[in-house]
Amino acid sequence: MSALLDMPVIDVDTHYTEPANLWTDLAPAALKTRAPRVRQDKDGNQYWVVDEDMHLGTVGYCVIRPDGSKDLGKTTLTKLEEMHPGASDPLARLAVMDEHGITRQILYPNILGFAGSFVMNIKDVPLRNFCVQAYNEHAAGLQATSNGRLLPQALLPIWDMELTVTELIRCHEAYGLTGLVLTDSPELWQLPTLSESYWDPLWREAQDRGLPVNFHIGGGASIGNLWAGMDEPTAIAAMSSLADITNMRCIVNLVFSGLLDRYPALKFVSVESGMGWIPFLLELMTYQVGQNGVGHLALTPLEYFRRQIYASYWFETDIANAVDKLGPDNLMFETDFPHPACLYPSVRDQVERSLGGLPESVQRKVLYETAARVYQVNV
């Protein structure tokens with residue numbers, strides 16, 4: 001345990017509960033009354049609206065209270081003041097990180113969707129553009145305030161590819177953001193699938209800059225309906241258990257579409273999806289390639305994974321098989337703070353349980369070396 005305690009930790013999946021004034025403070029006069037803002041229902045529960053009265057969703061997916069206790073059996077607390085300040089306040093977040101020995105955190109959005117794709121439901125395009133650009137501006141402030149310990153991933157206006165590339169360049173050059181988050185199912189919003197030429201300018205720019213493309217579960221295709229009769233805690237557990245399936249779909253499409261052959265240096269990250277299932281999936285894909293005479297792929301599925309796909313884990317305790325089958329160079333650690341499934345408050349216990357029996361070289365790679373390489377940051 002002593003060696004692990006001394007190691008830096010880069011936590012590659014956490015979330016930022018957007019404060020109530022994020023968009024209204026940054027909105028120009030013409031959008032001030034239409035920008036995303038928080039309202040309260042008759043029971044005192046808070047929720048987000050945008051434009052006139054379009055419901056964006058609950059106020060934020062945080063189940064950690066200010067006293068550090070964790071509410072079980074729900075997706076979120078219903079008032080910002082009920083939530084741990086570390087969900088939204090960067091200095092309070094740094095205090096939580098210090099408490100648990102975490103060096104840096106990658107941050108993903110909440111109210112616009114874990115991949116930012118819910119912004120597509122806003123019909124007014126100038127308002128939609130503002131929502132994305134203001135989020136990135138605020139994200140840059142978070143990163144600066146934290147002295148680079150908090151690393152929000154950029155959202156992009158994917159409905160306009162010229163604007164997308166411009167925003168990516170701005171986020172990288174002006175703001176220093178270290179990656180982007182993207183839905184794996186743009187076809188749900190009548191955009192081309194990710195293997196089509198529409199996306200090539202984005203892939204080229206991200207590849208040239210070494211920026212990873214993050215696919216977060218819940219940011220794309222639906223996991224489908226649950227069977228009837230489940231109470232709320234059971235339904236949450238069931239949906240959370242099924243969520244990884246969408247990233248299985250994403251990895252299959254990345255490999256079989258030929259996209260990885262066209263952009264061999266582009267990095268893709270499967271976020272909050274675990275990793276124990278990946279050896280099975282790659283073995284299955286390899287079998288299907290042989291059984292169906294697939295001839296256009298330059299590499300095996302495992303070789304593609306090792307070259308340019310990365311995965312993260314948090315709850316798994318026996319990761320030795322994944323390390324053995326996949327190799328240690330594409331695996332990273334996460335906590336999912338402050339979501340219902342997060343490790344809080346047992347972060348270091350989980351580090352010891354999952355990594356304690358593995359070689360120190362593997363521990364270093366999983367805890368910080370691989371993430372530092374993927375997101376191009378120093379430790």
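What follows draws every value from the coordinates through simple rules; no lab data is involved. Being a predicted model, the structure only gives us computed values, none of them experimental. Neighbour counts run over all protein chains shown; Cβ positions are idealised from the backbone, glycine included.
Observations on the structure shown:
- Two-site label geometry, Glu360 and Val125: point separation in nm, points 7 Å out along Cα→Cβ: 5.8 nm
- For the range 163-188, the residues whose amide N sits under 17 Å from a probe point set 7 Å from the Cα of Arg262 along the beta carbon direction are 165, 183-187.
- Full extension of the chain segment joining Ala92 with Asp67 gains 7.7 nm, where the gain is 0.36 nm per residue of separation less the Cα-Cα distance.
- With bins 5 Å wide beginning at 0, the percent of Cα pairs of the range 141-196 falling in each bin runs 4, 18, 24, 21, 14, 10, 7, 2.
- Against the rule of thumb 2.2 N^0.38 Å, how large the Cα Rg of the range 3-79 comes out: 1.46
- Distance histogram for the range 160-249 (every C-alpha pair counted, 10 angstrom bins, percent rounded to whole numbers): 15, 38, 26, 15, 6, 0
- Order of Val289, Val269 under a 10 Å beta carbon neighbour criterion, fewest first: Val289, Val269
- Efficiency of FRET between Asp231 and Glu137 - r from beta-carbon atoms, R0 45 angstrom, step 0.05: 0.65
- The range 306-379: GluC sites (Glu not before Pro) in DSSP loop, at most 15 other beta carbons within 10 Å: Glu316
- Dimensionless Rg/Rh of the range 55-136 - Kirkwood Rh, Rg from C-alpha atoms: 1.02
- For the chain, with +1 on Lys and Arg beta carbons and -1 on Asp and Glu, the positive-most of Leu26, Tyr198, Leu355 along the dipole: Tyr198
- In a simple Cβ point-charge model (Lys, Arg +1; Asp, Glu -1; nothing else charged), the chain has a dipole of about 360 debye relative to its Cα centre.
- Cα-based Kirkwood hydrodynamic radius, the range 319-379, one decimal, Å: 12.4 Å
- Theoretical gain in end-to-end length, Lys42 to Leu284 [0.36 nm per residue, Cα-Cα removed]: 81.9 nm
- Structural descriptor for the range 316-361: relative contact order 46 percent, calculated from alpha carbon pairs under 8 angstrom and at least 6 residues apart.
- Packing-based exposure ordering (other Cβ within 10 Å, fewest first) of Lys123, Lys325, Lys267: Lys123, Lys325, Lys267
- Computed over Cα pairs, the Kirkwood radius of the range 203-244 leads via Stokes-Einstein (1.002 mPa s, 20 °C) to a diffusion coefficient of 166 µm² per second.
- Using a cut-off of 23 Å between Cα atoms, the listed pairs Lys70/Lys267; Lys70/Lys365; Lys42/Lys74; Lys267/Lys365; Lys42/Lys70 include Lys70/Lys267; Lys70/Lys365; Lys42/Lys70 as exceeding that distance.
- About its Cα centre, the range 268-329 has a charge dipole of approximately 220 debye under the convention of +1 per Lys or Arg Cβ and -1 per Asp or Glu Cβ, with nothing else charged.
- Calculated P(r) of the chain - Cα pairs past 35 Å, %: 22 percent
- Here is the list for the range 195-242: chymotrypsin sites (Phe, Trp or Tyr not before Pro) lying in DSSP coil, each with at most 11 other C-beta atoms within 10 angstrom of its C-beta, are Trp227.
- Distance distribution P(r), the range 107-167, all Cα-Cα pairs, bin width 5 angstrom from 0: 4, 20, 28, 24, 15, 7, 3, 0 percent.
- Mean shadow area of the range 64-222, taken as a quarter of the surface of its Cα convex hull (nm²): 10.3 nm²
- Qualifying GluC sites (Glu not before Pro) in the range 73-115, where qualification requires a DSSP coil assignment and no more than 14 other C-beta atoms within 10 Å, are lacking entirely.
- Those aspartates and glutamates that a straight Cα-Cα span of less than 12 Å connects to Lys325, excepting residues fewer than 8 apart in one chain: Glu283, Glu303
- When DSSP beta bridges are restricted to pairs lying wholly in the chain, around 30% turn out antiparallel.
- Shape analysis of the range 211-340 based on the Cα gyration tensor places the equivalent ellipsoid semi-axes at 27, 17, 14 Å, largest first.
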